[in-house]
Structures are given as structure tokens and as C-alpha cells.
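S.K.: I have a structure I would like to understand better, so I am pasting it below and will then ask my questions one at a time.
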Amino acid sequence: MDKQKIINEIAEKVRKAFKNEGSGHDWWHVYRVWKMAEYIGKKESADMFVVELAALLHDIADWKFHDGDDTIGPKKARELLTKHEVSEDVISHICEIIAIMAFKGAEVKTEMKTIEGKVVQDADRLDAIGAIGIGRAFTYGGYKNRPMYGPNKKPVLRQSKEEYFKSESSTINHFYEKLLLLKNRMNTKTAKEIAKGRHELMEMFLDRFFQEWEGEIYNY
Ligand code: ADP
Ligand code: NI
């Protein structure tokens with residue numbers, strides 16, 4: 001079994017499947033998660049075949065776009081993987097990772113059981129913070145017709161997947177409801193290190209955002 005060939009073929013299929021995605025869930029998100037997972041996975045001595053395939057397939061059928069049905073992702077992944085020479089052990093490991101993957105609200109714990117799962121989850125979460133994370137949040141907000149910011153609306157930490165799914169809050173609130181919480185949710189030491197700088201950048205961005213909102217003038 002040529003693992004590299006399988007990875008390349010799956011990557012190509014995923015790239016085609018994600019064409020024309022405008023909500024921030026595009027091929028380039030998958031690509032960044034794949035490369036980041038590769039970097040973290042090597043440092044954390046994970047099984048790279050599982051890591052790379054799970055990273056490539058992690059958003060193949062996101063539950064947010066299927067009325068909250070979170071069984072579609074693993075099903076689609078299994079469908080794709082069985083067409084290649086991938087053992088049942090590896091397939092079920094990848095499907096388990098994909099099933100646990102999606103963040104389901106600030107107070108809902110999603111525990112990854114294996115190092116491979118932890119690595120892919122970290123890579124996905126890292127793509128939601130920092131400069132890319134800021135860009136993705138506003139892209140998603142625009143796609144959902146959400147206001148950038150509403151000064152009178154306080155952020156709410158949601159307790160369940162249903163509440164998170166229904167959320168109508170502003171994009172700036174999303175930073176407080178999710179993005180600023182991710183730094184402390186990284187599983188691996190490698191991701192924690194990377195998250196620090198990205199978190200600081202978001203804090204700087206928010207400071208400036210509120211200053212500019214109030215018309216403050218600064219010269220730095
Ligand atoms: P991921 O693919 O990283 O698991 P999600 O599916 O949760 O991410 O969301 C895709 C992107 O859209 C992320 O960057 C996330 O921060 C952003 N996003 C999700 N929900 C909102 C929201 N309510 N407001 C603004 N951005 C959001
Ligand atoms: Ni993702």
C-alpha cells in the first residue's frame with residue numbers, strides 16, 4: 001500500500017469537493033489544517049497516515065451545513081476511504097476523529113482520545129485564530145449576514161450544540177464566545193506555543209477595533 005499515493009488522491013478529491021465554498025470552509029482551510037497537522041503531528045510523534053487523512057477529511061460534510069446532522073462527515077469519509085486501500089482500523093480511527101471534531105459551543109467539552117485526534121483538532125483550532133482566524137470570522141459573518149459588531153449586545157457562552165447552532169450574534173461577539181477561548185483548549189504543547197502569538201494578535205486587533213469604533217485617533 002502506497003500511503004503517499006492514497007494521501008495525494010484523497011487530497012485531490014477533497015480539493016474538488018470544496019470548490020465554490022464561500023463561507024470560510026474552503027479548500028485552503030483544509031490545506032492549512034493539513035499542513036499544520038503535519039507540522040504538529042511530526043513533533044508529537046503521531047501516526048502521520050491517520051493525521052494527514054483525518055485533516056484532509058475533517059470538514060468533508062460539516063454539520064452546520066446539514067441542519068445540524070453530525071453523522072454525515074464520518075459517513076462521507078468512510079465512503080471515500082473504502083475506495084482506497086485503507087485498513088478498517090485506520091478508517092474507523094479517522095471517522096471517530098471527524099465525529100468528535102466540530103466545536104459545539106463554549107461549554108461543551110469535546111475530548112479527543114488519541115494523539116492523532118488531538119493533533120488534527122489543534123490544527124483546526126489554530127486556523128480559527130490569529131490573522132487567518134480574524135479573516136475567517138468576518139467572512140463567515142458576512143456569509144450569514146451578521147453585523148460586524150453591535151455595541152449593545154453582550155456575548156453569551158452557549159451551553160449546548162443547539163444554542164450554538166442558532167446563534168445570531170455579531171462577529172465581534174464570536175471572538176468572546178469562541179475564538180479567545182481556543183488558546184486554553186489546545187491539546188498539544190506544540191499547538192499551545194503557536195496559539196500564544198495568534199491569541200495576542202487577536203487581542204491587539206480587538207483593542208484597535210474598539211478604539212476605532214469610538215473614533216479614537218492614534219499615531220502608532
Ligand atoms: P472549523 O472548520 O475551524 O471547525 P467552524 O466550522 O466552527 O470552524 O467555523 C468556520 C469558520 O467560521 C471559523 O473560522 C469560525 O471562527 C468562523 N465562525 C463560526 N461561527 C461563527 C460566527 N458565529 N461568527 C463569526 N465567525 C464564525
Ligand atoms: Ni475545519
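S.K.: For a label point 7 angstrom out from the Cα of residue 85 toward its Cβ, which stretches of the range 1-21 have the backbone nitrogen within less than 17 Å?
M.R.: Backbone N within reach: 1-10.
S.K.: Taking 0.36 nm per intervening residue step and subtracting the Cα-Cα distance, what contour gain separates residue 131 from residue 47 on full extension? Working shown, then result.
M.R.: Details: separation 84, 0.36 × 84 = 30.24 nm, distance 2.91 nm.
That pair, residue 131 and residue 47, stretches by 27.3 nm at full extension.
S.K.: For residue 153 and residue 28, what is the calculated FRET efficiency with R₀ set at 45 Å and r taken between the beta-carbons, to the nearest 0.05? Intermediate values should be presented prior to the final figure.
M.R.: Details: r = 31 Å, r/R0 = 0.68.
Efficiency, from the Cβ-Cβ distance: 0.90.
S.K.: While we're looking at this one, here's another question. Please compute the length gained on full extension between residue 212 and residue 75, using 0.36 nm multiplied by the number of residues separating them and subtracting their Cα-Cα distance. All intermediate terms of the calculation are to be shown ahead of the outcome.
M.R.: Values: separation 137, 0.36 × 137 = 49.32 nm, distance 4.62 nm.
Residue separation times 0.36 nm, minus the Cα-Cα distance, leaves 44.7 nm.
S.K.: Using +1 on the beta carbon of Lys and Arg, -1 on that of Asp and Glu, and nothing else charged, what's the dipole of the range 108-155 about the Cα centre, debye to 20? Walk me through the intermediate numbers first.
M.R.: On the way: 9 positive and 5 negative charges, 74 e Å.
Dipole size: approximately 360 debye.
Since every read-out is calculated from the coordinates, none of them should be taken as a lab result. It should be emphasised that the depicted structure is a prediction, and the values quoted were computed from it without experimental measurement. Positions of Cβ are backbone-derived with ideal geometry, glycine not excepted, and every protein chain shown enters the neighbour counts.
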